[in-house]
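Here is the structure we will look at.
The values are calculated or read from the model by the stated rules, or taken from the named source; none is laboratory data. Quick caveat: nothing in here was measured; it's all calculated off a predicted structure. A quick note on method: Cβ atoms are made from the backbone with ideal geometry, for glycine too, and the neighbour counts reach across all protein chains shown. Heavy atoms of the whole protein, side chains included, go into the accessibility calculation; ligands, DNA and RNA do not. Shrake-Rupley method; radii C 1.70, N 1.55, O 1.52, S 1.80 Å.
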Amino acid sequence: MLEKNTVAPDFTLFATPDQKVTLSEFKGRNVILAFYPADWSPVCSDQMALYNEMLKYFKKYDAELFAISVDSKWCHLAFSQSRNLHFPLLADFEPKGGVAKKYDVYNENEGQCNRALFVIDKEGIIQWSYKSPTAVNPGADGILDTLENLKIK
Amino acid sequence: MSLKIPVSTTDHAQGNLNADLVIVEYGDYQCSYCGAAYPVLKKLLKKFSGEVKFVFRNFPLSEMHEYALPAAIAAEAASLQDKFWEMHDAIYENQQYLDDLYLFKMAEEIGLDMEKFKSDIQKEELANKIDADFQGGVISGVNGTPSFYVNGKKFDAGAEDLFKLFIK
């Protein structure tokens with residue numbers, strides 16, 4: 001997994017069936033990347049439900065949240081609608097897990113992303129990364145701690 | 001993971017308020033897992049009421065649960081009439097019927113002054129208290145509901161497992 005002080009590898013992924021997101025376009029803002037194994041599995045859903053409530057707090061820190069899994073854009077669309085999610089789910093679908101591999105959080109055995117979090121600062125540098133056991137929802141305390149420290153800096 | 005906001009007199013507490021053992025629950029009134037934990041906690045408190053202080057804090061996932069926040073506000077409003085636990089219990093015991101109207105009905109059933117209740121639920125301070133509970137929960141590592149803390153440490157297991165704390 002990429003560690004603190006590494007330049008965050010750039011990527012472009014589908015966020016909706018007709019819109020793409022490029023990481024480098026968010027320079028000047030903080031970015032949270034939440035890699036997760038799959039849409040619909042129970043723990044992820046809890047995690048995404050929590051982040052859905054957290055958006056107003058992330059906003060206070062000028063931070064944009066992107067969740068990333070290997071599911072396709074259509075799967076993301078259905079999942080997002082079903083859970084009423086208000087943040088983009090990016091499809092690391094073609095080549096499968098390509099971005100997860102760049103961040104070294106791809107699980108070859110499962111063919112899924114590991115459950116991993118990255119906080120990237122306004123200059124595009126990784127300031128915090130965390131890998132959680134797949135079955136454990138990592139919460140949001142580590143993200144908030146990092147954003148708070150970035151604010152003080 | 002530890003509780004970042006210490007238990008204080010502003011918390012809703014029951015049981016033995018001076019007990020050495022303090023259990024804090026972060027809960028959502030519409031969450032079915034919290035609903036399932038409710039009778040277990042009730043049983044635990046009945047059996048060990050002298051040995052434990054039990055605190056409830058709000059953690060409404062309001063984007064997913066439409067009535068979680070209104071229910072939390074109703075319970076906080078009931079608290080202003082010293083009937084927090086009556087409302088808390090009434091909501092969990094009737095969770096499947098939860099909606100705005102039902103909250104008013106329950107408020108009436110537990111004997112609240114309805115004029116006061118209707119005015120109190122509009123108060124910003126109640127929403128702020130719930131928000132403060134939520135934020136405190138997040139920084140303490142609450143990752144879903146219910147989340148329990150035992151003497152300030154996160155308890156990564158279900159309500160049933162809390163009984164093990166009492167085996168001597």
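For region A:94-153, a residue qualifies if it is out of contact with any Lys or Arg (no Cβ under 7 Å at 6 or more places or on another chain), polar (S, T, N, Q) and closer than 23 Å to B:SER2 by Cα, and the qualifying residues are A:ASN137, A:THR146, A:ASN149.
Restricting to region B:51-71, give me the number of residues that are more than 9 Å from the chain's Cα centre (by Cα) and part of a loop (DSSP other than H, G, I, E, B).
Of region B:51-71, the ones more than 9 Å from the chain's Cα centre (by Cα) are B:51-54, B:60-71.
Within this subset, residues satisfying the condition of being part of a loop (DSSP other than H, G, I, E, B) are B:51, B:60-67.
The qualifying residues number 9.
Kindly establish whether A:PRO95 is within 14 Å of chain B (Cβ to nearest Cβ) and either on the phi < 0 side of the Ramachandran plot or in contact (Cβ under 8 Å) with a residue 24 or more places away in the chain (or both). It is false that A:PRO95 is within 14 Å of chain B (Cβ to nearest Cβ) and either on the phi < 0 side of the Ramachandran plot or in contact (Cβ under 8 Å) with a residue 24 or more places away in the chain (or both).
Does B:ASP99 count as open to solvent by 20 Å² or more (accessible area, probe 1.4 Å), more than 21 Å from B:LEU41 (Cα to Cα) and of a type in the set (D, E, K, R)?
On the way: open to solvent by 20 Å² or more (accessible area, probe 1.4 Å): yes; more than 21 Å from B:LEU41 (Cα to Cα): yes; of a type in the set (D, E, K, R): yes.
Yes: the conditions hold for B:ASP99.
Take the residues in region A:97-119 that are open to solvent by less than 50 Å² (accessible area, probe 1.4 Å) and outside any strand (DSSP E or B); name whichever of them is farthest from A:GLU3 (Cα to Cα). Checking each candidate, the answer is A:GLY111.
Residue-by-condition table, conditions (1) in a loop (DSSP other than H, G, I, E, B); (2) at pLDDT below 95; (3) open to solvent by less than 10 Å² (accessible area, probe 1.4 Å):
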| residue | (1), (2), (3) |
| --- | --- |
| A:ALA34 | no, no, yes |
| A:SER45 | no, yes, no |
| A:ASP71 | yes, no, no |
| A:TRP74 | no, no, no |
| A:LEU77 | no, no, no |
| A:SER82 | no, yes, no |
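Once region B:2-50 is narrowed to residues that are surrounded by 17 or more Cβ atoms within 10 Å (Cβ to Cβ) and among the hydroxyl-bearing types (Ser, Thr, Tyr), the residue that is farthest from the chain's Cα centre (by Cα) is B:TYR38. Filtered by the rule that a residue be surrounded by 16 or more Cβ atoms within 10 Å (Cβ to Cβ) and touching a helix residue (DSSP H, G or I) at 6+ places or on another chain (Cβ under 7 Å), region B:156-168 gives B:ALA159, B:LEU162. Take B:SER147 and tell me if it is in contact (Cβ under 8 Å) with a residue 24 or more places away in the chain and surrounded by fewer than 19 Cβ atoms within 10 Å (Cβ to Cβ). Against the criterion (in contact (Cβ under 8 Å) with a residue 24 or more places away in the chain and surrounded by fewer than 19 Cβ atoms within 10 Å (Cβ to Cβ)), B:SER147 does not qualify.
Counting only residues that are among the hydroxyl-bearing types (Ser, Thr, Tyr) and either in contact with a strand residue (DSSP E or B) (Cβ under 8 Å, 6 or more places away or on another chain) or more than 14 Å from every other protein chain (Cβ to nearest Cβ) (or both), region A:70-84 holds 2 of them. Restricting B:ALA74, B:ALA90, B:ALA107 to those that are in a helix (DSSP H, G or I) and either open to solvent by 40 Å² or more (accessible area, probe 1.4 Å) or touching a Leu at 6+ places or on another chain (Cβ under 6 Å) (or both) reduces the list to B:ALA74. Within region A:119-147, residues that are farther than 18 Å from A:ASN52 by Cβ and within 9 Å of chain B (Cβ to nearest Cβ) have Cβ atoms under 8 Å from residues that are open to solvent by 10 Å² or more (accessible area, probe 1.4 Å) and assigned to a loop (DSSP other than H, G, I, E, B) in these pairs: A:VAL136/B:ASN143, counting only partners at least 6 apart in sequence or on another chain. Scoring A:TYR36 on the criteria (1) out of contact with any Cys (no Cβ under 9 Å at 6 or more places or on another chain); (2) within 14 Å of chain B (Cβ to nearest Cβ) leaves a single failure, condition (1). Just one of the numbered conditions (1) hydroxyl-bearing (Ser, Thr, Tyr); (2) within 20 Å of A:GLY142 (Cβ to Cβ); (3) open to solvent by 40 Å² or more (accessible area, probe 1.4 Å) is not true of A:THR12: (2). Candidates in region B:110-144 are the residues that are open to solvent by less than 50 Å² (accessible area, probe 1.4 Å) and β-branched (Val, Ile, Thr); of these, the one that is farthest from the other protein chains (Cβ to nearest Cβ) is B:ILE110.
Contact annotation: residue pairs with Cβ atoms under 8 Å, 6 or more positions apart or on different chains, pairing a residue in region B:88-110 that is within 24 Å of B:PHE54 (Cα to Cα) with a partner that is of a type in the set (D, E, K, R), are B:ASP89/B:LYS42; B:ALA90/B:GLU109; B:ILE110/B:LYS83; B:ILE110/B:GLU86.
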